[in-house]
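Inspection log for the structure reproduced underneath, given as C-alpha cells.
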Number of protein chains: 2
Amino acid sequence: MNGKPVWLKASGKPWVRGEGRPIYDNPWISLTEYQAIAPTGRPALYGLVSFKNAAIAVLPLHDDGTVTLVGQHRLPHGGYSWEIPEGGAPAAEDPLDAAKRELAEETGLEAAEWRELMRVQLSNSITDERAIGYLALELSEAGGAHEADETEALALARVPFREALEAALAGHMPDVLTVAMLLRAYHMAREGHLAPALARAMLG
Amino acid sequence: MNGKPVWLKASGKPWVRGEGRPIYDNPWISLTEYQAIAPTGRPALYGLVSFKNAAIAVLPLHDDGTVTLVGQHRLPHGGYSWEIPEGGAPAAEDPLDAAKRELAEETGLEAAEWRELMRVQLSNSITDERAIGYLALELSEAGGAHEADETEALALARVPFREALEAALAGHMPDVLTVAMLLRAYHMAREGHLAPALARAMLG
C-alpha cells in the first residue's frame, strides 16, 4: 500500500467535551464527567476514564520459536491470567525503555533486537487508554534477579509459539493484547517479515 | 492441540477485593474503590471500572473478499476512527443477537452465517470489560433504513480485506478489536478455516 487510502477521511462534526466535573483520581486513572455534545447535536453526559500510563506489551520470541509467557492473578475479572509480559509507561518514560524494563522485571530477559508491532486504543468509547506492543528478539538472560512490582506474584512458562497461539485462540489466554500480538507475529512469520529460520521454527 | 496445555495452571494466592466504596455510576460504567490485598499480601487501594455492557465487534466479510468498515468521531481520543462495526450488549441480551442488531443498525447488512472468533478482556488490570468478536459471512442488504444510535453519525466504506488489514497494521485504524479481528481473519484464511474461494479473494 502506498500512503493512506482515501476512504480513511473524516466526515461530520466532532464530539464537543463541554464542561468537566472531576469525579475520581488515583495513581493509575482519573474519571471526569463531561457535559458533552454528540456529533448528532444531542447532549450526552459522558463519563471518561483517563489513563496515566500507556499499556506496554512485549512478545519475547526466542530463536527456537518459543515464547515466554507470564501467569498472574488479576483482580478485575477475578481469575488467573496467562499473558505476554505487560506493564505501564508513565507519560515521562520512553515506551521502548518501559518495554525493556518490564521484560527484565517480569522475565529476567533482555533482547538485542526490538520491533514496534502496534499502537492501539483499548476501549475507545469509554477510556483513552492506549497500548504499544513490541516484539523482543535475540533474547538472553539479563543477569541479576528480577525485581517485580510489590503487588505482583508472577509465574513463567516458555512454550512453542504455535502452542501459545492455539491456547489464545481457544480462549485460554483472553487478554486482548496477548491475542493480538500473537496473531501479529503469525502474520509476520507468514508474510516473510521475520528471519526464515525463525518463521519455520514458529510455524512448525 | 488436544485439550488445555498443562502450563496454563494457576499458582499463588488470588487478589482479595475487600471492602468497596461506590464512587460513580452511569448507564455504561460504575467505579468502585476497593481496600484490596494483593497476591503478595500487600494492601492496595484498587479503583475498578465495571462495564454494564459487553463490547460486541463484527467483521462483515463479503463473498468478494471485501469488508465493510464504519467511520465515526470518538470522544475519548478526540479523533476520527475507522473501525469494524461495534456496539454494546447488555447482560440480558444474547451477544449474537446484539451482533446482528449492531450490524444492521450500523451498516444495513444481514448475514446468513455467523462465527464467534474471540472472547477477550480489553484492559484487565483496571476494568472488567470483555468483548466478543464475530465473523459475519454471506452478507446481504437487510432492507429498511438503518437506525443508528441517537448520538452516532456514521460513515461507511467497503474495501478489500488486504487493504483494510494493511491500514490497520500501519496504525491508521488503532481500535484494538479492529486490529485483532482483521488479524484473526487473516489467520483463518491462511490456515484453511474459510472457503477456499473466499480465502483467495482476501489474500489476493
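The values are calculated or read from the model by the stated rules, or taken from the named source; none is laboratory data. Computed from a predicted structure; not experimentally measured. Counting neighbours? That spans all protein chains shown, and the Cβs are built from the backbone with ideal geometry, glycine included.
Reported count of residues in segment B:35-58, each being of a type in the set (K, R), more than 8 Å from chain A (Cβ to nearest Cβ) and in contact with an Asp or Glu (Cβ under 8 Å, 6 or more places away or on another chain), is 0. Every listed requirement among (1) facing chain A (nearest Cβ under 7 Å); (2) at pLDDT 95 or above is met by B:T32 save one, (1). In this structure, B:M188 does not qualify as buried (at least 16 other Cβ atoms within 10 Å of the Cβ), at the interface with chain A (Cβ under 10 Å from one of its Cβ atoms) and not in a helix (DSSP H, G or I). The selection criterion, being hydrophobic (A, V, I, L, M, F, W, C), under 17 Å from B:E106 (Cα atoms), buried (at least 16 other Cβ atoms within 10 Å of the Cβ) and more than 9 Å from chain A (Cβ to nearest Cβ), holds for B:L61.
Scanning segment B:64-78 for residues that are more than 8 Å from chain A (Cβ to nearest Cβ) and surrounded by fewer than 22 Cβ atoms within 10 Å (Cβ to Cβ) yields B:D64, B:G65, B:T66.
Restricting the first member to segment A:3-23 and to residues that are more than 16 Å from B:R158 (Cα to Cα), and the second to residues that are of a type outside the set (G, A, S) and part of a loop (DSSP other than H, G, I, E, B), the beta-carbon pairs closer than 8 Å and six or more apart or on different chains are A:G12/A:P39; A:K13/A:P39; A:P14/A:P39; A:W15/A:P39; A:W15/B:R74; A:W15/B:L75; A:R17/B:L75.
Those strands (runs of 3 or more DSSP E) of segment B:64-173 in which 2 or more residues are within 25 Å of A:V16 (Cβ to Cβ) and touching a strand residue (DSSP E or B) at 6+ places or on another chain (Cβ under 8 Å) occupy B:66-73, B:80-83, B:86-90, B:155-160. Scanning segment B:119-139 finds one or more residues that are charged (D, E, K, R), in contact with a Lys or Arg (Cβ under 7 Å, 6 or more places away or on another chain) and at pLDDT 95 or above.
Checked against (1) away from chain B (no Cβ under 14 Å); (2) in contact (Cβ under 8 Å) with a residue 24 or more places away in the chain; (3) surrounded by fewer than 19 Cβ atoms within 10 Å (Cβ to Cβ); (4) of a type outside the set (D, E), A:H172 passes all but condition (1).
Of all the listed residues (B:E129, B:E116, B:E163), the sole one being more than 30 Å from A:G78 (Cβ to Cβ) and of a type in the set (D, E, K, R) is B:E163. Candidates in segment A:6-29 are the residues that are of a type in the set (A, V, I, L, M, F, W, C) and more than 7 Å from chain B (Cβ to nearest Cβ); of these, the one that is farthest from B:G79 (Cα to Cα) is A:V6.
Considering (1) more than 8 Å from chain B (Cβ to nearest Cβ); (2) part of a strand (DSSP E or B), the lone condition that A:G3 does not fulfil carries the number (2).
Is segment A:24-40 home to any residue that is touching a helix residue (DSSP H, G or I) at 6+ places or on another chain (Cβ under 7 Å) and of a type in the set (V, I, T)?
From segment A:24-40, those touching a helix residue (DSSP H, G or I) at 6+ places or on another chain (Cβ under 7 Å) are none; that's our starting set.
Among the residues of segment A:24-40, not one is touching a helix residue (DSSP H, G or I) at 6+ places or on another chain (Cβ under 7 Å) and of a type in the set (V, I, T), which makes the answer no.
The combined condition, being in contact with a helix residue (DSSP H, G or I) (Cβ under 8 Å, 6 or more places away or on another chain), farther than 28 Å from A:R42 by Cα and at pLDDT below 95, is not fulfilled by B:G192.
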